[in-house]
1. Which of the helices in the chain, when you take each full DSSP H run, stretch at least 20 Å along the axis at their Cα atoms and have an average Kyte-Doolittle score of -1.0 or higher?
2. Give the Rg/Rh ratio for the stretch 82-213, taking Rg as the radius of gyration of the Cα atoms and Rh as the Kirkwood radius, to two decimals.
3. List the lysines whose Cα lies under 18 Å from the Cα of Lys146, skipping any in the same chain that are fewer than 8 positions away.
4. Which of the trypsin sites (Lys or Arg not before Pro) across the stretch 114-206 are loop residues per DSSP, with 11 or fewer other Cβ within 10 Å?
5. Got a sec? Charge dipole of the chain, +1 on Cβ for Lys and Arg, -1 for Asp and Glu; which of Phe71, Val292, Leu48 is way out at the positive end?
6. Dipole size in debye (nearest 20) for the stretch 168-321 around its Cα centre, Lys and Arg Cβ +1, Asp and Glu Cβ -1?
7. What value, in deg cm²/dmol to 500, does the helix sum -39500 (n - 2.57) over DSSP H runs of n ≥ 4 give at 222 nm once divided by the residues of the chain?
8. Nothing charged except the Cβ atoms of Lys and Arg (+1) and of Asp and Glu (-1): what's the magnitude of the dipole of the stretch 121-234 about its Cα centre? Round to the nearest 20 debye.
Amino acid sequence: MSPSSGSDGAGAVACKTVLASSVANVYANEIKQGIQELGRKPKLVGFLSNADPAARMYAEWTGKTCEEMGFMFELREVDKEELEDYIVQANEDKDVDGIMIYFPVFGNRQDQYLQQVVSKDKDVEGLSHIYVQNLYHNVRYLDDAKTQKSILPCTPLALVKILEYLGVYNMILPYGNRLYGKTITIVNRSEIVGRPLAALLANDGAVVYSFDIDSVQKFARGEGIRLRSHRVTDVGVKLEDIAPMSDVIITGVPSENYKFQTQYIKDGAVCINFSTAKNFSPDVKNKSSLYVPSVGKVTVTMLMRNLLRLINNNSRKPDRN
């Protein structure tokens, strides 16, 4: 890897800043080869039914990256009251390979319902109940023959790939145990990113402390990672107690007013921010060894990777005509 760094010489900051584009580039050839083997341009449809600037920016990133990588992308802006009907139409359209929705739409439980309206065969975001169930129970395949990989949500998957790129995963250990011995703090427990991310990292062997507005939960596979999948327990600890012992700190607070206090960061920790707001102050580089200020480009790359995986999974179904 070739992350950018500060000035060299005596007294230089030890931290290196790693850009999301550096990680995304690692998967570019894999994706382009997948399209070449497919022999056609896969089509992704994104539905936008809100006025959220962050959602529109994500949609623009998606479209631009899809074009660069050889995908077709179509953004469909529809009224939220008609969104369900449009999703069903896209489910039935054989020319559409993948579907995504830019949330929030209603900002309540109806959004969770809309996630389930999308066909699991076209769900590039991995939000269908079967994918969510597999994620939390540490089931990595859809079939007994292990030919169809389960789809993971894009941003949590992006963060996993970033941690692999940074060398946080110990590749000598068996697959599934490669975060053994790592303590990770996550400041965010949203159902879209924070909670599934905590589950993924705990399923890979880490002890994860998930901080939300009013509670703290510990995700872990037990002492010696003996359990097959993680368990969640409520714990009465404070951020200032856990962060200084954390190897990795991940933030995702959607507010410009929130800043993670640098004094709580362990010397040499890896710090990653996935919020559109900057959750770390510039002096994070005085404590962190590796700092990733944003993850958006990796998220879009994982979206396209998921789309190719869906196409591959659908081609391997035994009942396919």
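The values are calculated or read from the model by the stated rules, or taken from the named source; none is laboratory data. This is a predicted model, so every value here is computed, not measured. When we count neighbours, we look across all protein chains shown, and the Cβ atoms used for this are built from the backbone with ideal geometry, even at glycine. For accessibility, only protein heavy atoms count, side chains too; no ligands or nucleic acids. Shrake-Rupley method; radii C 1.70, N 1.55, O 1.52, S 1.80 Å.
1. Numbers: long enough: 53-69 (24 Å, -0.75); 296-315 (29 Å, 0.12).
For the chain, where a helix must reach 20 Å along its axis and average at least -1.0, the hits are 53-69, 296-315.
2. Numbers: Rg = 16.2 Å, Rh = 16.1 Å.
Ratio value, two decimals: 1.01.
3. Counting by Cα, and skipping residues close in sequence, Lys146 has these lysines nearby: Lys120, Lys317.
4. Values: sites: Lys120, Lys122, Arg140, Lys146, Lys149, Lys161, Arg178, Lys182, Arg189; in loops: Lys120, Lys122, Arg140, Lys146, Arg178, Lys182, Arg189.
Listed in order of number, the matching sites are Lys146.
5. The listed residue farthest towards the positive side: Val292.
6. Details: 21 positive and 13 negative charges, 151 e Å.
Roughly 720 debye for the stretch 168-321.
7. Values: 10 runs with 108 residues, N = 321.
Estimated from H runs of four or more residues: -10000 deg cm²/dmol.
8. Values: 14 positive and 12 negative charges, 79 e Å.
Dipole about the Cα centre, nearest 20: 380 debye.
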